[in-house]
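Take a look at the structure below.
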Amino acid sequence: MTSIKKPLVDKHLPRNKQGLTQRDYEGVASTLCAGCGHDSITAAFVRAFHELDLEPHRAAKISGIGCSSKTTAYFLGQSSGINTVHGRMPSVATGAAAVNPDLHYIGVSGDGDSLSIGLGQFAHAIRRNLNMLYVIENNGVYGLTKGQFSASADIGTRAKYGEVNEQTPIDPVRLALTLGASFVARSFSGDKEQLVPLIKAGLMHRGFAVIDVVSPCVTFNDHAGSTKSYAHTYKYYHPVIHADFVPEATEITVDYAEGEAITIPMHNGGDVVLRKTDKSHDPRDRDAAFDLLKNLEGSEIPTGLIYIDESRPDMGEMNNIPETPLNAIDHAKLCPGSDKLKELMEGYA
Amino acid sequence: MNVQTQTDTTESTAVKVNDFVIKIGNVNGTGSASANGLLMKSIFRMGVPVVGKNLFPSNIQGLPTWYEIRVSKDGWTARSGNIDLMVAMNLESYEQDLKAVSPGGTLLYDSTWPRPKLHGRDDISVIGVPLAKMTNTEFSNARTRVLMKNMAYVGAVAALTGIDMTVIQSLVEDTFKAKPKLIEPNMKALMLGHDYITEHYSALPLRVEPMDETKDCILIEGNDAAALGCVYAGATFGAWYPITPSTSLMDGFKSHCQALRVDEENGKNNYCIIQAEDELSAIGMVIGANWNGARSFTPTSGPGISLMSEFIGFAYYAEVPLVLFDIQRVGPSTGMPTRTQQGDILLAAYASHGDTKHIILFPADPKECFELSVDAFDAAERYQTPVFVLSDLDIGMNEWMVPRFEWDDSRQPDRGKVLNAEQLEKIDKFYRYLDVDGDGIPYRTIPGEHPKGAFFTRGSGHTKFGGYTEDSAAYQEVLDRILQKWKNSADQLPAPIVNMCGQATKRAIITVGGCAAAVREAISRMAENDLKFDYLRVKAFPFHSDIEAFMENYDEVFVVEQNRDGQLRQLLINETNVPKHKLIPILDYSGMPAGTGLIARMITDYCQAEA
């Protein structure tokens, strides 16, 4: 099953600053269906972490339940991970991040996990501006239970066996914007050139970075009539803003056309350079983000970095937590001791 | 003015010194809690053992609320069952309050308004004090008038029972240290009530006389004590969703942390409290924090445990330590949120689907809330499992008189088997669920500590090496080890408290938690009638081996607890070899703090029916 190790193919792959190859950022072999969009996202994670030169053991992977949530075992085999219960990944991430903000938190969820059973936790993690990258691998369908609609299924979309969805969908991008998320992006599992830099930018963002990744389910939702199929997504896919992540102390080498590039310094290091493919959109403008989504509704799927705000305090700052992680403070500093207790007792006498 | 003449009853000639009960019936939201607390504490400050029970509604303003103060020179802390002086301030509950007074007792009421059923009883004395009239004359602000009416009855009760006004005055000064302007009006109101009594009535045959029995004690609520325990245990993270009666635990943790945990050097909080969106999230946060190696906890009540059950099973199976405080209230469902019960014993013991068994610690008073909360963090990390501290509303939200807490500075937290970076560097390979030492407890690591310590935590089937499995034998091996680990904890957890009556008897009483105060007094009362019982109080689950051995010595074991179904009894039957017929259920699930009178009567009736 998922503990099967992948064979070592090439010892001469390029090494990053940690002396590690991309293979060092992989996990156990995937057990998802051949062609699953989620496996492409897993590969994008591997590439992003490798390119960021992150120490694998300084990342923590957190997920819920479902096909998407299984994937945390398929990358970063040298990182700790916790595969929690259905829809409850954000709460576990919240506690973990509160006591050790120094790790890179990667949450992997699906449309069922985040938009149905876990909608409440997703919403409240956004409100807390929890410092994590939160990726929704969105296929519009429940795969493990064989093809029921999820809450992200569009009106009129057709299920494998003919049923048509008539309920209004929950769009995680618009929902996240409404709730005040500080980094909102959408991408497509089939476009690694867009997705990898977004993952890097999301990891370096200080606050809650959500990326909704359309990720077709080849078994239950890749047919004609589905709005989450490869064919449909390729056809209506509309890149709006391309985000390049430029690590700290690295020269920006890409030649951007004047007036097209916006450089945003990231709180956790490095810069994000945004290239507008849609000239009218400024991702630092929340109202513009709403307008963009509204204007393209029903015709095209806007992708890229839709909105970013690097200025908002994250959960740690709002709670005035110290630089030394709470899980590393000496007991002597935490326990007030016997003399103090004697003094406290006077207040109850 | 409608002043009633004091009825001269023959009973009233026997003076009760430091051994009586005052009950105050009032309207919720009128600020009576602070006046009542002041009254109780002044008795405590006179060196006289005392306890207060707040019997309040699930309401912000308007419904009836009561406060019962038991003055007990012998130090009994349960409700005795008698009411010697009733202060009936609430018209709505007046009839009920009138009925509740014990024969020979006294009822004090606000005679500003005449009451038609005043003469409903001729076996008690009735005292009228025009409280509203006096305070309305003296004070102009509407809210102040309401508050001062309460202070006025405190003054009246003080005059009637001989409570030292200088003690009350010093308490008022302590209370309003930060707002000295309030001292004068409060004292004025107190004196209005006091002076009216001294002018119109003679003192009651209920006397508070100074003793020297409280100097080593404090008055504290169990939730506050548990919160202090969390601070001393080194907990740095707490997540919660507000629910009565557990809310004051997190309030207490917050205020203790604000006083004790703000870093002097950088002004940062060496703690973090997150108010979650619901209990499902609260426990998820606590799991995340504990997974990351910080001691963390969540306080809740029964409905919260129901919601948390899925995650409790996850933490049990994935072996994530955590501490849950269940401040029990009356169920099922919403039940009676402001009433007390011990209805979550079975829920806590086996919470979550599948085969799960948990460690439970049962405090019986606020001092044990402090001590057992520290023990709970140690047990959770030693056994890498959820640990419940099963308190209740009576312990958690009432002020109990208990010995002052102590702390041993040499005590270090038992973090259990955690491999640090240095140890990980030396080992060949780390497997999270491997029973290296043969005691059922594997080693764990803190994420991010060292590359070799990385592991994948999952609630799905896993092998002892931590990998996913659907293999029967590999699954069973892990599940069996977790059971062994739990069983091994039994004799390491706090041992039961045993009191032998000193005579040969074939009868014993077993109880748990806050019932203990009433049971111990009931045993003492029944001994006067030649009914002798040995006594055992359970402090932890899984049951210590001493408990089964104890039960073997008796023909009859009365199991006293506060729920309908005899949950402790069921658990004893399920988890020991005691014959079912030996265990006789004695149940009080009224929602009120356990009363000595009721328990003594139920057991006595059973014994007499037998004889």
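The values are calculated or read from the model by the stated rules, or taken from the named source; none is laboratory data. What you see is a predicted model, and the numbers here were worked out from it, not measured in a lab. No Cβ is skipped: glycine too gets one built from the backbone with ideal geometry, and neighbour counts run over all protein chains shown.
Of the residues that make up region A:133-156, is at least one of a type in the set (A, V, I, L, M, F, W, C), farther than 18 Å from residue B:315 by Cβ and facing chain B (nearest Cβ under 10 Å)?
Taking region A:133-156 and keeping what is of a type in the set (A, V, I, L, M, F, W, C), we get A:133, A:135-136, A:141, A:144, A:149, A:151, A:153, A:155.
Of the ones still in play, those that are also farther than 18 Å from residue B:315 by Cβ are A:133, A:135-136, A:141, A:144, A:149, A:151, A:153, A:155.
This time we only want the ones that are facing chain B (nearest Cβ under 10 Å), so: none.
No, because not a single residue in region A:133-156 is of a type in the set (A, V, I, L, M, F, W, C), farther than 18 Å from residue B:315 by Cβ and facing chain B (nearest Cβ under 10 Å).
Matching residues to (1) of a type in the set (A, V, I, L, M, F, W, C); (2) crowded, with 24+ Cβ neighbours inside 10 Å; (3) assigned to a helix (DSSP H, G or I); (4) facing chain B (nearest Cβ under 8 Å):
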residue	(1), (2), (3), (4)
A:60	yes, yes, no, yes
A:65	yes, no, no, no
A:86	no, no, no, no
A:91	no, yes, yes, yes
A:95	no, yes, yes, yes
A:98	yes, yes, yes, yes
A:101	no, no, no, no
A:106	yes, yes, no, no
A:114	no, yes, yes, no
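Quick one: count up the residues across region B:544-588 that are in a helix (DSSP H, G or I), under 25 Å from residue B:351 (Cβ atoms) and in contact with a Lys or Arg (Cβ under 8 Å, 6 or more places away or on another chain).
The number of residues fulfilling the criteria is 1.
Only residues in region A:104-125 that are in contact (Cβ under 8 Å) with a residue 24 or more places away in the chain count as the first member; pair them with residues that are of a type in the set (D, E, K, R) and assigned to a helix (DSSP H, G or I), Cβ under 7 angstrom, at least 6 apart or cross-chain, and list the lot.
Every condition considered, the pairs that remain are A:104/A:58.
Filter region A:127-178 down to the residues that are touching a residue at least 60 places away in the same chain (Cβ under 8 Å), over 24 Å from residue B:285 (Cβ atoms) and charged (D, E, K, R) and list them by number.
A:146, A:154, A:158, A:160, A:171, A:174
Quick check: anything in region B:326-349 closer than 24 Å to residue A:322 by Cα and away from chain A (no Cβ under 11 Å)?
We begin by selecting, within region B:326-349, every residue closer than 24 Å to residue A:322 by Cα; these are none.
No, because not a single residue in region B:326-349 is closer than 24 Å to residue A:322 by Cα and away from chain A (no Cβ under 11 Å).
For region B:81-123, how many residues are in a loop (DSSP other than H, G, I, E, B) and closer than 13 Å to residue B:23 by Cβ?
Step one: list which residues in region B:81-123 are in a loop (DSSP other than H, G, I, E, B), which gives B:81-84, B:89-90, B:101-105, B:111-117, B:121-123.
From the residues that got through so far, the ones that are closer than 13 Å to residue B:23 by Cβ too are B:81-84, B:89-90, B:101-102, B:105.
Within region B:81-123, residues that are in a loop (DSSP other than H, G, I, E, B) and closer than 13 Å to residue B:23 by Cβ number 9.
In the list B:490, B:473, which residue meets the criterion of being farther than 23 Å from residue A:83 by Cβ, modelled with pLDDT of 95 or more and of a type in the set (Gly, Ala, Ser)? Reasoning before the result, please.
On the way: B:473 fails: farther than 23 Å from residue A:83 by Cβ.
Sole residue among the options that is farther than 23 Å from residue A:83 by Cβ, modelled with pLDDT of 95 or more and of a type in the set (Gly, Ala, Ser): B:490.
Hey, among B:573, B:497, which residue is free of Cβ contacts under 8 Å to residues at least 12 places away in the same chain and either within 18 Å of the chain's Cα centre (by Cα) or surrounded by fewer than 21 Cβ atoms within 10 Å (Cβ to Cβ) (or both)?
Numbers: B:497 fails: free of Cβ contacts under 8 Å to residues at least 12 places away in the same chain.
Exactly one of B:573, B:497 is free of Cβ contacts under 8 Å to residues at least 12 places away in the same chain and either within 18 Å of the chain's Cα centre (by Cα) or surrounded by fewer than 21 Cβ atoms within 10 Å (Cβ to Cβ) (or both), namely B:573.
Collect the residues in region A:320-343 that are facing chain B (nearest Cβ under 7 Å) and surrounded by 18 or more Cβ atoms within 10 Å (Cβ to Cβ), keeping them in residue-number order.
Residues satisfying the conditions are A:321, A:322, A:326, A:327, A:329, A:334, A:335, A:336, A:341.
Residue B:198 - would you say it is surrounded by fewer than 24 Cβ atoms within 10 Å (Cβ to Cβ), part of a loop (DSSP other than H, G, I, E, B) and either modelled with pLDDT of 95 or more or not assigned by TED's automatic domain parsing to the domain that holds residue B:137 (or both)?
Working: surrounded by fewer than 24 Cβ atoms within 10 Å (Cβ to Cβ): yes; part of a loop (DSSP other than H, G, I, E, B): no; either modelled with pLDDT of 95 or more or not assigned by TED's automatic domain parsing to the domain that holds residue B:137 (or both): yes.
No: the conditions fail for residue B:198.
So residue B:269 passes all but one of these: (1) more than 7 Å from every other protein chain (Cβ to nearest Cβ); (2) surrounded by fewer than 24 Cβ atoms within 10 Å (Cβ to Cβ). Which condition number does it fail?
Of the numbered conditions (1) more than 7 Å from every other protein chain (Cβ to nearest Cβ); (2) surrounded by fewer than 24 Cβ atoms within 10 Å (Cβ to Cβ), the odd one out for residue B:269 is (1).
Quick one: in region B:406-416, of everything that is on the phi < 0 side of the Ramachandran plot and touching an Asp or Glu at 6+ places or on another chain (Cβ under 8 Å), which residue is farthest from the other protein chains (Cβ to nearest Cβ)?
Step one: list which residues in region B:406-416 are on the phi < 0 side of the Ramachandran plot, which gives B:406-415.
Filter once more, so that each one left must be touching an Asp or Glu at 6+ places or on another chain (Cβ under 8 Å): B:413-415.
Values: B:413: 6, B:414: 11, B:415: 9 Å.
Among residues in region B:406-416 that are on the phi < 0 side of the Ramachandran plot and touching an Asp or Glu at 6+ places or on another chain (Cβ under 8 Å), the one farthest from the other protein chains (Cβ to nearest Cβ) is B:414.
Answer with yes or no whether residue B:481 is assigned by TED's automatic domain parsing to the domain that holds residue B:284, crowded, with 16+ Cβ neighbours inside 10 Å, farther than 30 Å from residue A:347 by Cβ and of a type outside the set (Val, Ile, Thr). Don't jump to the end; show me each part of the working.
Numbers: assigned by TED's automatic domain parsing to the domain that holds residue B:284: no; crowded, with 16+ Cβ neighbours inside 10 Å: yes; farther than 30 Å from residue A:347 by Cβ: yes; of a type outside the set (Val, Ile, Thr): yes.
When the stated conditions are applied, residue B:481 does not pass them.
Among the residues of region A:104-140, write down those that are touching a strand residue (DSSP E or B) at 6+ places or on another chain (Cβ under 8 Å) and under 14 Å from residue B:277 (Cβ atoms).
Of everything in region A:104-140, those that are touching a strand residue (DSSP E or B) at 6+ places or on another chain (Cβ under 8 Å) and under 14 Å from residue B:277 (Cβ atoms) turn out to be A:118, A:122, A:125, A:126, A:128, A:130.
Going through region B:201-218 one residue at a time, which ones are hydrophobic (A, V, I, L, M, F, W, C) and surrounded by fewer than 22 Cβ atoms within 10 Å (Cβ to Cβ)?
So in region B:201-218, the residues hydrophobic (A, V, I, L, M, F, W, C) come out as B:203-204, B:206, B:208, B:211, B:217-218.
Within region B:201-218, B:203, B:211, B:217 meet the criteria.
Tally time: how many residues in region B:272-292 are of a type outside the set (A, V, I, L, M, F, W, C) and more than 7 Å from chain A (Cβ to nearest Cβ)?
Of all residues in region B:272-292, those of a type outside the set (A, V, I, L, M, F, W, C) come to B:275, B:277-279, B:281, B:284, B:288, B:290, B:292.
Still in the list and also more than 7 Å from chain A (Cβ to nearest Cβ): B:275, B:279, B:290.
Residues that pass the stated criteria total 3.
Please list, ordered by first then second residue, the pairs with beta carbon atoms under 7 Å, 6 or more apart or interchain, first in region A:23-34 and within 21 Å of residue B:454 (Cα to Cα), second aromatic (Phe, Trp, Tyr).
A:25/A:49; A:25/A:75; A:26/A:75; A:27/A:74; A:27/A:75; A:28/A:74; A:30/A:74
Report the residue count in region B:463-476 for those that are more than 12 Å from chain A (Cβ to nearest Cβ) and buried (at least 16 other Cβ atoms within 10 Å of the Cβ).
1
Does residue B:157 count as within 20 Å of residue B:23 (Cα to Cα), modelled with pLDDT under 95 and of a type in the set (A, V, I, L, M, F, W, C)?
On the way: within 20 Å of residue B:23 (Cα to Cα): yes; modelled with pLDDT under 95: no; of a type in the set (A, V, I, L, M, F, W, C): yes.
No, not satisfied.
Would you pick out the residues in region A:67-84 that are within 27 Å of residue A:216 (Cα to Cα) and not in a loop (DSSP other than H, G, I, E, B)?
Passing the criteria: A:67, A:68, A:69, A:70, A:71, A:72, A:73, A:75, A:81, A:82, A:83.
Would you check which residues across region B:431-442 are over 17 Å from residue A:61 (Cα atoms), buried (at least 19 other Cβ atoms within 10 Å of the Cβ) and within 14 Å of chain A (Cβ to nearest Cβ) and list them?
Within region B:431-442, B:433 is the sole residue that qualifies.
Scanning region A:283-319 for residues that are in contact with a Lys or Arg (Cβ under 8 Å, 6 or more places away or on another chain) and charged (D, E, K, R), which turns out surrounded by the most Cβ atoms within 10 Å (Cβ to Cβ)? Quick ask: steps written out before the conclusion?
So in region A:283-319, the residues in contact with a Lys or Arg (Cβ under 8 Å, 6 or more places away or on another chain) come out as A:290, A:293, A:301-304, A:306-310, A:314-315, A:318.
Add one more test, that the residue is charged (D, E, K, R), and what stays is A:309-310, A:314.
On the way: A:309: 18, A:310: 17, A:314: 21.
Filtering region A:283-319 for residues that are in contact with a Lys or Arg (Cβ under 8 Å, 6 or more places away or on another chain) and charged (D, E, K, R), the one surrounded by the most Cβ atoms within 10 Å (Cβ to Cβ) comes out as A:314.
Please go through region B:450-462 and pick out each residue that is more than 8 Å from every other protein chain (Cβ to nearest Cβ) and not small (Gly, Ala, Ser).
Looking only at region B:450-462, we keep the residues that are more than 8 Å from every other protein chain (Cβ to nearest Cβ), and these are B:452, B:461-462.
Selection gives B:452, B:462.
Spot the failing condition for residue B:244; the list is (1) assigned to a helix (DSSP H, G or I); (2) more than 7 Å from every other protein chain (Cβ to nearest Cβ); (3) of a type outside the set (D, E, K, R); (4) under 21 Å from residue B:363 (Cβ atoms), and only one is missed.
Only one criterion is unmet by residue B:244, namely (1).
Name the pairs whose Cβ atoms lie under 8 Å apart, with the first residue in region B:553-567 and under 20 Å from residue B:502 (Cα atoms) and in contact (Cβ under 8 Å) with a residue 12 or more places away in the chain, the second buried (at least 22 other Cβ atoms within 10 Å of the Cβ) and of a type in the set (Phe, Trp, Tyr), and 6 or more positions between them or separate chains?
Filtered contacts from region B:553-567: B:558/B:533.
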